[in-house]
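Accompanying notes for the structure given below.
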């Protein structure tokens, strides 16, 4: 109900969001912007975590080698449309992308030789992959930002999540990353894991910040219906805190981070002053490569097939592996941009005007006034900055959005390699 109401009020959208099967000619790839981010999805894992909603599959060497070849070929399919354009950042997500570092290094080398690229390269790191040798391989490949998926420094929490590694491995991975010379080391932490107490959550954050990492990303566990985690929670009888209690917890964690001298840089991230931010989700415009990768630019939001074998087959046949396309009108493009600027906790009026040629105050007068009246945002240097209450309310909306739209989009894409028309 909330998502439908906001869709009506903010996006002026009465109907459903429609994703159509991709057909040749549906997308003008020449509209890829002059500067864009590149997302590369690596779906391979040694172990499939129940809580993870992302596209993933068990690692098989032969399949991984064919997949990496397909990634390189997919880039070639886009190459004619990327001449004279600049890649300003690259992000490897998954999955566990560090399983194929050698192949990713080759892909990065090809990108640097054949494309205009100068910027940061980030990658997700599983704690068990956090060896000294692996980090040196990442540095040698030119990867300068790493995020280690610790999730918790508690054995009990890790056991419930079935992460497949010990607490000591988390400590060692963080220490090695800090010594490897990366520009930014981020640690991913979850809170409100079933069975956790507030003291447990605070302890996790204290441990994390005591290492002096450049950034910590700390977010509540979201239970997606498409995963099997809900049944596991119910069977375990473990307690989880409700929405309002989460707000109280977030305030406590926020206070701890500030006591260590960290500044809030987004809804879920805290960084050292002057540290380069590690982020994967807030690029204004990006192109996605790999199975399940999404792309966003101009009026287009589209995604590749989730099926790894179908992805490889499409590439081998010289076809782009795009499965579904959503065409956004002007208002929807603006709302999408605003949604992710709220994730950053700051909305730039000047940037809105540069992108859309319109005034934010004029186009979204009621929304801007409402946010300020309700204490959800305040003026800061000409920008609109979310307050702590605003950040929590945004998370609540984002959570409903994820469960209402992303869950259904991903679930349909996991069930069928080439879904038919999808209405959300």
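Annotations for the structure displayed:
- Between residue 114 and residue 416, full extension at 0.36 nm per residue minus the direct alpha carbon distance yields a gain of 105.3 nm.
- Distance between segment 355-374 and segment 187-245 - C-alpha centres, whole angstrom: 34 Å
- Most mobile listed residue (246, 259, 129) in the chain, GNM with C-alpha springs under 10 Å: 259
- Global geometry of segment 7-106, whether rounded, prolate or oblate, following the gyration tensor of its Cα atoms and the 1.5 cut on a/c: oblate
- Residues of segment 154-176 with amide N under 20 Å of a point placed 7 Å along Cα→Cβ from residue 131: 164-176
- By DSSP, the beta bridges lying fully in segment 29-272 are antiparallel in about 15 percent of cases.
- In Å, descending, principal axis extents of the Cα set of the chain: 55, 54, 44
- Kirkwood hydrodynamic radius over Cα pairs of segment 336-424, then Stokes diffusion coefficient at 10 °C and 1.306 mPa s, in µm²/s: 107 µm²/s
- Label-to-label distance, residue 178 versus residue 65, with points set 7 angstrom from Cα along the beta-carbon direction: 4.0 nm.
- The chain: antiparallel DSSP beta bridges as a percent of all, rounded to 5: 45 percent
- Principal axis dimensions, largest first and in whole angstrom, of segment 29-272 by Cα: 53, 39, 38
- Chain lengthening between residue 319 and residue 230 when straightened (0.36 nm per residue, less Cα-Cα): 28.3 nm
- Approximate shape of segment 129-249 as ellipsoid semi-axes (Cα gyration tensor, √5λ), whole Å, largest first: 29, 15, 13
- Label point 7 Å beyond Cα of residue 9 along Cβ direction - residues of segment 340-380 with amide nitrogen under 15 Å: 364-377
- Pairwise alpha-carbon distances in segment 223-348 exceed 27 Å for 47% of all pairs.
- Once the Cα-Cα distance is subtracted from the 0.36 nm per residue extended length, the residue 20 to residue 171 segment shows a gain of 49.8 nm.
Each value in this text was obtained by applying a stated rule to the coordinates, not by laboratory testing. What you see is a predicted model, and the numbers here were worked out from it, not measured in a lab. We place every Cβ from the backbone using ideal geometry, glycine too, and count neighbours over all the protein chains shown.
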